[in-house]
Amino acid sequence: MSELATKCLIIGSGPAGYTAGIYTSRANLNPILIDGVQPGGQLTTTTDVENFPGYPDGVTGPKMMEDFKAQATRFGLLTISGEVTSIDFSKRPYMVKVNGGGHVIAADTIIIATGAAARYLGLDDEQKYLGMGVSACATCDGFFFRKRPVAVVGGGDTACEEAIYLAGLASKVYMIVRKDYLRASKYMQQKVHDNPKIEVLFNTQTMSLFGTDMLEGAHLVSNKGTENENEFDIAVDGFFLAIGHSPNTAFLDGAVELDEGGYIKTAPHSTATNIPGVFAAGDVADPVYQQAVSAAGMGCRAALDAERFLIENE
Ligand code: NDP
């Protein structure tokens, strides 16, 4: 076990975490970043990112996160692989336990940038067929469904992006959308509409999944609760969830105040949480925007807030 100390510990390695890393290292706070279960965050499972400023031709998610890391490392950010298992918030410096290397880190300030994880519908069958056809990451698992029919659940930008990606591999892509419209941006809606391999099933929900060992299909209902209610099956080998995300806060064990949606609450015009010297940035604290660029912006703000906190409290 090793004992380390830092003026600023950053938890999470997405755009918010690495941007906080760039700012805090340039401010000589000798920051340490814990990279978590999915180093690089959710963008490492995305295909093309076309809306992050500074990349006129677009960039892949993994490449962009490599660039973030390289930029932060250049200024001295120390990145540690592992997951935070517990934090003693009773006094400063806060004592943070990290599994993997078994580190204990004394942190004067903490920036929580742990992002969010994919949500599931809550059907028992999702667990039954997880890894046997059910997935929440098209870019990770789409390859296994080449020339086979698949379904994507959801009507947001993620669902559209996944459907378009899968259409490049699969024989057919159903989008299962519970409302009569797509919530996604007009641009993504158009791309879905223009893709002949994608069929959007509006007003449709999933009742159950079936298959002997591997997934073979989904049992759906359209117009649920109306006089036109209609149950039917689609034959699909892959079933991809794209219905939003839940913030990753379990490791905080209730110590940091959350809102009713489970996102970390921050003070108005600040990234400060209810615990002095603890700040939050990115999707874990943002139920509204959830963009790479807004997460990066919030990471910058958290770093500046931490720096000011240290000046005022030392
Ligand atoms: P969203 O919350 O935007 O969309 C979730 C979708 O899943 C909605 O269509 C929602 O339906 C549906 N849904 C939620 N729960 C259920 C359920 N239980 N059963 C069936 N359907 C359900 O999440 P996204 O992950 O798509 O996007 C999150 C944010 O990230 C957004 O701000 C989005 O713009 C952004 N984003 C941007 C991208 C880009 O610009 N390239 C790419 C990906 C995401 P309903 O509409 O009925 O609520």
Going by the structure shown, is Leu220 within 16 Å of the ligand (Cβ to nearest atom), buried (at least 17 other Cβ atoms within 10 Å of the Cβ) and on the phi < 0 side of the Ramachandran plot? yes
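To keep it simple, each residue is scored yes or no on (1) aliphatic (A, V, I, L, M); (2) outside the structural domain of Val150 (by TED's automatic domain parsing); (3) more than 11 Å from Val173 (Cα to Cα); (4) modelled with pLDDT of 95 or more.
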| position | (1), (2), (3), (4) |
| --- | --- |
| Asn195 | no, no, no, yes |
| Glu199 | no, no, no, yes |
| Thr204 | no, no, yes, yes |
| Leu209 | yes, no, yes, yes |
| Leu215 | yes, no, yes, yes |
| Asn223 | no, no, yes, yes |
| Asn230 | no, no, yes, yes |
| Val236 | yes, no, no, yes |
Checked the stretch 222-257 for anything closer than 30 Å to Asn274 by Cα and either in a loop (DSSP other than H, G, I, E, B) or in contact with a Ser or Thr (Cβ under 6 Å, 6 or more places away or on another chain) (or both); matches are Ile243, Gly244, Asn248, Thr249, Asp253, Gly254, Ala255, Val256, Glu257
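The values are calculated or read from the model by the stated rules, or taken from the named source; none is laboratory data. Please read all numbers here as calculations on a predicted model, not as lab measurements. Because the Cβ atoms are built from the backbone with ideal geometry, glycine has one as well, and the counts that use them run over all protein chains shown.
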